[in-house]
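None of the figures in this text is laboratory data; all of them are computed from the coordinates on show. Quick caveat, the model's predicted, so the values are computed rather than measured. Every residue, glycine among them, receives a Cβ derived from its backbone with ideal geometry; neighbour counts consider all protein chains shown.
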Amino acid sequence: MADNKDILTAEDVKELQPLYAAVISALKEVYDPEIPVNIYDLGLIYELTISKAREVSILMTFTAPNCPMADQVIAEVQEGVESVPGVTKCTIDLTFEPEWDRRMLSEEARVELGLDYEEDDYSKLND
């Protein structure tokens, strides 16, 4: 069980909201090398937490487990998040559970890729 010192109060959450928004902005600057959409709108970020000490923890995935650019993308995420003023540390963990699929795309990503909400239209990503 977590120590009480690790539990965020309502005041902590309110204070961290601008930092959370800044971290999301930094993540939106990192693009998938194969799909012209940022990793946040692609749905590759599964969890984003910020502690009282302003340490960011990210649980993320890739569109495919054998992504040849994984190391580069992780380095860009690390560098981008740690460059956000106020962030003291960034830890990134990879997971492939659940496996990423195109339904995880944000509305912005769907618009950018010219997709509507119909599953059949996701085939355009592979063209």
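Worth a mention:
- Part-to-part distance (alpha-carbon centres) for the stretch 36-96 and the stretch 12-33, which is given in Å: 10 Å
- Hydrodynamic radius (Kirkwood) for the stretch 8-126, which is based on Cα pairs only, to one decimal in Å: 15.1 Å
- Each Lys and Arg contributes +1 and each Asp and Glu -1, all at the Cβ; summed about the Cα centre of the chain, the dipole is approximately 540 debye.
- Of the residues S57, G43, I74, the one whose Cα sits farthest toward the positive end of the charge dipole of the chain, with +1 on the Cβ of Lys and Arg and -1 on the Cβ of Asp and Glu, is S57.
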